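Single-structure report; data block below.
The values are calculated or read from the model by the stated rules, or taken from the named source; none is laboratory data. Quick caveat: nothing in here was measured; it's all calculated off a predicted structure. Cβ placement follows ideal geometry from the backbone for every residue including glycine, while neighbour counts extend to all protein chains displayed. Protein only, heavy atoms only, side chains kept; ligands, DNA and RNA dropped before computing areas. Shrake-Rupley method; radii C 1.70, N 1.55, O 1.52, S 1.80 Å.
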Amino acid sequence: MPAIVIVGAQWGDEGKGKIVDIYTEHADMVVRFGGGPNAGHTLVVGNDKLVVRLVPSGILRAETMCVLAQGMVIDPRSLVTELDELERRGIHTKGRLLVSDRAHVILPYHVLVDGLREKGKDAIGTTKRGVGPCYEDKVARRGIPLGAFRDPKRLRELVARALSDWTPIIQHLGGGEVPVPSVDETLAAIEEARGRIVPMLVDSQALVERTVRAKKRVVLEGAQGTLLDVDHGTYPFVTSSTPTAGGACVGAGIGPTRIDEVVGLVKAYTTRVGGGPFPTELHDDVGERIRKIGAEFGSVTGRPRRTGWLDLPALRYAVRVNGLDALAITKLDVLTGLDEVKVCVAYETKNGRSEDVPMDELDTVKPVYQSFPGWKEQLGAARAMADLPKAARTYLEFVEKQAECPYILVSVGPARDETIVLRDPFAL
Ligand code: IMP
């Protein structure tokens, strides 16, 4: 029984919540391997909705173990807020939600710096949750692994050390008018959360490896998307982690030979939040319609998402970078009602036509589109490809062929059952 990796093939928000939820139905363990409270997915609990940023959706299944692995950055206060919200809805997390003692702590000064930078001319449209500054600390070797929560003296020393580096930066960014939090204030802000998180800490690497070796079903859940990857994305308009498949190994602490399948999630169109190049972006009524019908507003920040047509060079790039075995295509239903559906097949660049992604000039390339007739039929009841209108099938078949990656699933509506399941990733 395999370990599968699920990654976003675009700029995030590809509908991971629903697909991870489907795949975790029979999973023994769900592992979030990177990112932090910049992610967000909506859990539906009875008639109630709850947006979680850190806790995987697998928490809704009583039998599934959920792990926040060492590639993550965790804001302790966000985590306990999520735990409280879950408990209030009768979902018990004790013993089922484990946190790596090597994941890094997001502290109030990270959030402060992230927010101050976003006020300046170099803003890139982050989620302002302190994710970037926390990863900076990790790489600068002054970060604070959650394991330090077990030892208040060590924690104090680490906070003092990091704060001494951040102080001049905060003073500079705030023009001397923004108070720099003291060590005491920083520790006081997380004290209650610290006490609650210590019992959840584990060596998650060993735990995940043991579970995979025992041939249990493990889902390694990515956040964000390929084009936001710090190495492979539209740098510098990226997040600070590795949301691509390689990041699953690093972030969860298992080797590539332990992964059986990599599934990429792609929307039937494209969205992006924050700044940065987006060749197929629409600034017209069609873009507005997609935003409205697709409810394309950030689940963490509420920002309207930028919308555009599907971009095949970018999708092929994601297939390559992640070594995708299969594609799960989502939100096909959002395109219903359009007279025509376009897809970008190549770019016009300074040096002629390109079917690859020229990262350096992505902000100036012109997309070359192929147009397909739209369809008017509602898709929500489709459970097999044959149930789809011919026009929708033609579009899907073209995309699959061009992406050179087969579909494993097609999502035709927000509800769980509004899905065409073509193959079970665990049935390898
Ligand atoms: P950060 O991750 O908050 O530093 O933000 C860096 C960039 O990644 C910004 O453009 C964000 O909008 C984007 N980003 C971060 N997390 C997500 C996500 O879960 N979905 C979509 N975009 C995201």
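Per the conditions (1) open to solvent by less than 40 Å² (accessible area, probe 1.4 Å); (2) without any contact (Cβ under 8 Å) to a residue 40 or more places away in the chain; (3) within 30 Å of residue 130 (Cβ to Cβ), the sole criterion not satisfied by residue 346 is (3). Filtered by the rule that a residue be closer than 20 Å to residue 192 by Cβ, surrounded by fewer than 20 Cβ atoms within 10 Å (Cβ to Cβ) and not β-branched (Val, Ile, Thr), region 79-100 gives 84, 85, 87, 88, 92, 94.
Of note, residue 157 does not satisfy the criterion of being in a helix (DSSP H, G or I), closer than 23 Å to residue 191 by Cβ, assigned by TED's automatic domain parsing to the domain that holds residue 228 and away from the ligand (no atom under 16 Å from the Cβ).
For region 97-120, the tally of residues that are part of a loop (DSSP other than H, G, I, E, B) and either within 10 Å of the ligand (Cβ to nearest atom) or more than 21 Å from residue 274 (Cβ to Cβ) (or both) stands at 4.
What strands (runs of 3 or more DSSP E) completely inside region 269-384 contain at least 3 residues that are assigned by TED's automatic domain parsing to the domain that holds residue 19 and closer than 29 Å to residue 422 by Cβ? If you could, list the steps in order and put the result at the bottom.
Working: elements: 270-272, 306-308, 326-330, 340-349, 352-354, 366-373.
Counting at least 3 such residues, we get 270-272, 326-330, 340-349, 366-373.
Can you tell me which residue among 268, 245 is within 20 Å of the chain's Cα centre (by Cα) and more than 24 Å from residue 74 (Cα to Cα)? Break it down stepwise before answering.
Details: 245 fails: more than 24 Å from residue 74 (Cα to Cα).
When all the criteria are applied, what remains is 268.
Can you pull out every residue in region 200-223 that is part of a loop (DSSP other than H, G, I, E, B) and open to solvent by 20 Å² or more (accessible area, probe 1.4 Å)? Spell out the reasoning first.
Quick first cut of region 200-223, residues part of a loop (DSSP other than H, G, I, E, B) only: 203, 214-217, 222-223.
Passing the criteria: 203, 214, 215, 216, 217.
Against the definition (more than 25 Å from residue 20 (Cβ to Cβ), among the aliphatic types (A, V, I, L, M), open to solvent by 10 Å² or more (accessible area, probe 1.4 Å) and not assigned by TED's automatic domain parsing to the domain that holds residue 30), how does residue 139 come out, yes or no? So residue 139 fits the description; yes.
Taking the condition of being open to solvent by less than 10 Å² (accessible area, probe 1.4 Å) and away from the ligand (no atom under 16 Å from the Cβ), how many residues in region 258-289 meet it?
Keep residues of region 258-289 that are open to solvent by less than 10 Å² (accessible area, probe 1.4 Å), which gives 261, 263-272, 280, 287.
Among the residues that remain, those that are also away from the ligand (no atom under 16 Å from the Cβ) are: 261, 263, 268, 280, 287.
Final tally of qualifying residues: 5.
The residues of region 126-144 that are out of contact with any strand residue (DSSP E or B) (no Cβ under 6 Å at 6 or more places or on another chain) and not in a helix (DSSP H, G or I), listed by number, are 126, 127, 128, 129, 130, 140, 141, 142.
I'd like the full set of residues that are more than 19 Å from residue 234 (Cα to Cα) and in contact with a strand residue (DSSP E or B) (Cβ under 7 Å, 6 or more places away or on another chain), limited to region 346-373.
353, 368, 369, 370, 371, 372, 373
Give just the number: which of (1) in a helix (DSSP H, G or I); (2) open to solvent by 20 Å² or more (accessible area, probe 1.4 Å); (3) within 22 Å of residue 136 (Cβ to Cβ) does residue 247 not satisfy? The number of the failed condition is (2).
Residues are listed down the side, and each one gets a yes or a no for (1) among the charged types (D, E, K, R); (2) within 15 Å of the ligand (Cβ to nearest atom); (3) open to solvent by 20 Å² or more (accessible area, probe 1.4 Å); (4) at pLDDT below 95:
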{"residue": "2", "(1), (2), (3), (4)": "no, no, no, yes"}
{"residue": "16", "(1), (2), (3), (4)": "yes, yes, yes, yes"}
{"residue": "19", "(1), (2), (3), (4)": "no, yes, no, yes"}
{"residue": "24", "(1), (2), (3), (4)": "no, no, no, yes"}
{"residue": "33", "(1), (2), (3), (4)": "no, yes, no, no"}
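Considered as a group, the residues in region 290-303 that are charged (D, E, K, R) and within 11 Å of the ligand (Cβ to nearest atom) include one that is most open to solvent (accessible area, probe 1.4 Å), and that residue is 303. Checked against the criterion of being among the small types (Gly, Ala, Ser) and outside any loop (DSSP other than H, G, I, E, B), the candidates 123, 193 yield just one match: 193.
If I ask for residues that are under 21 Å from residue 84 (Cα atoms) and either without any contact (Cβ under 8 Å) to a residue 60 or more places away in the chain or touching a strand residue (DSSP E or B) at 6+ places or on another chain (Cβ under 9 Å) (or both), which ones from region 195-204 would you list?
Of all residues in region 195-204, those under 21 Å from residue 84 (Cα atoms) come to 195-202.
Hits for region 195-204 are 195, 197, 198, 199, 200, 201, 202.
Scanning region 74-92 finds one or more residues that are assigned to a strand (DSSP E or B) and not assigned by TED's automatic domain parsing to the domain that holds residue 190. Restricted to region 163-177, and to residues that are exposed (fewer than 15 other Cβ atoms within 10 Å of the Cβ) and of a type in the set (Gly, Ala, Ser), which residue is nearest to residue 187 (Cα to Cα)? It comes out as 164.
Reported count of residues in region 379-418, each being more than 22 Å from residue 316 (Cα to Cα) and open to solvent by 10 Å² or more (accessible area, probe 1.4 Å), is 15.
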